[in-house]
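This report concerns only the one structure given below.
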Ligand code: FAD
């Protein structure tokens, strides 16, 4: 089902997974999907390998989503993709019933700063798909604390508006651990004319190293409360996780008071955190 259709009727709860490497067994991911499917997600997104690697495996994962009758959102990036390659992917995606695409520039291959394709930015892909494959429902990414390479937050919002103008029908956000920053971002982009629904991407706070790494690589801030948790429990992973999950629940609860259209949990192919958070997530479906 098209995500824009779902968003017309309700706020969504969804999860993100990534395809295991070619040589890895699919069984652990299948177990995860079996558990996640019991939480009735509105869709599951499947990432596209960073730097364009390991992309073939997403088809196996999409088949698994079909097995558990899960609605999919396939990520797709500019990296290494020509018009012909896009056509090949499109015909494969259609065979496995993909109806929604999250169109992205993509993470560059290590050591490069080019997409290696005629498509330089997500906007180029969105324009191409809208013209040639309007049958897909199209989403784009947004950055509550500004994309790390952006010239300015103003230009970042300008390009976000361009995504909407070219045909993006919803946005999924980069992780953000500060609900005030998120709220201010939404208010700012609404003022500048970005009207499409925004689904908040949430990374459960379960490992202090993971959080620091993600914040450093994406230019996201660590609020005082979270930095205190990191300082207090950095040498005690169990207590860190307990405090981190409480932090995550509070973040979700605060975000539910903002103008978001849903919550997208970065599950990192695990299911226990999603199970622990589901009661807090469920509230959004009843708003
Ligand atoms: P763009 O929208 O192209 O923006 C990139 C930069 O260029 C920004 O600084 C922006 O301000 C600027 N810009 C935007 N449009 C233009 C334009 N027309 N002209 C000039 N400058 C412009 N990466 C993967 O490799 N695989 C994934 O599956 C994946 N999934 C993701 C899911 C989400 C929800 C998010 C938030 C990110 C994901 N990423 C993924 C990471 C993403 O690829 C990187 O953040 C990448 O650096 C930017 O992608 P984008 O689509 O936001 O790029």
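None of the figures in this text is laboratory data; all of them are computed from the coordinates on show. What you see is a predicted model, and the numbers here were worked out from it, not measured in a lab. Positions of Cβ are generated from backbone atoms using ideal geometry, with glycine treated the same way; all protein chains shown enter the neighbour counts.
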### Principal axis dimensions, largest first and in whole angstrom, of region 23-76 by Cα
32, 22, 14
### Message
Modelling each spin label as a point 7 Å along the Cα-to-Cβ direction, I'd like the residue 135/residue 209 distance in nm, to one decimal.
### Response
4.6 nm
### Query
What is the Cα radius of gyration of region 28-150 over 2.2 N^0.38 Å, N being its residue count?
1.08
### Message
Would region 152-287 count as rounded, prolate or oblate if I go by the C-alpha gyration tensor, calling it rounded below 1.5 in a/c and otherwise prolate when a/b exceeds b/c, oblate otherwise?
### Response
prolate
### Query
Taking every eigenvalue of the Cα gyration tensor of region 116-231, multiplying by 5 and rooting it, what semi-axes result, largest first, whole Å?
28, 15, 13
### Query
Direction-averaged shadow area of the convex hull around the Cα atoms of region 181-245, nm²?
5.0 nm²
### Message
Could you compute Rg(Cα) / (2.2 N^0.38 Å) for region 214-287, with N its residue count?
### Response
1.19
### Task
Would you work out if region 1-43 is rounded, prolate or oblate? Take a ≥ b ≥ c from the square roots of the eigenvalues of the alpha-carbon gyration tensor; rounded if a/c is under 1.5, else prolate when a/b is larger than b/c, oblate otherwise.
prolate
#### Entry: Estimated distance in nm for a label pair at residue 257 and residue 4, the labels positioned 7 Å out from Cα along Cα-to-Cβ
3.3 nm
### Query
Points 7 angstrom from Cα along the Cβ direction at residue 180 and residue 272: gap in nanometres?
3.4 nm
### Task
Go ahead and run the numbers for FRET between residue 87 and residue 158, Cβ-Cβ distance against an R0 of 30 Å, rounding to 0.05.
0.50
### Query
What is region 1-80's relative contact order, in percent, from Cα pairs under 8 angstrom and six or more apart in sequence?
34 percent
### Query
Looking at region 99-143, what % of the alpha carbon pairs are farther apart than 13 Å?
56 percent
### Task
Determine, at each q value in 0.10, 0.13 (inverse angstroms), the log₁₀ of I(q)/I(0) that the Debye formula gives when each Cα of the chain is one equal point scatterer.
-0.51, -0.90
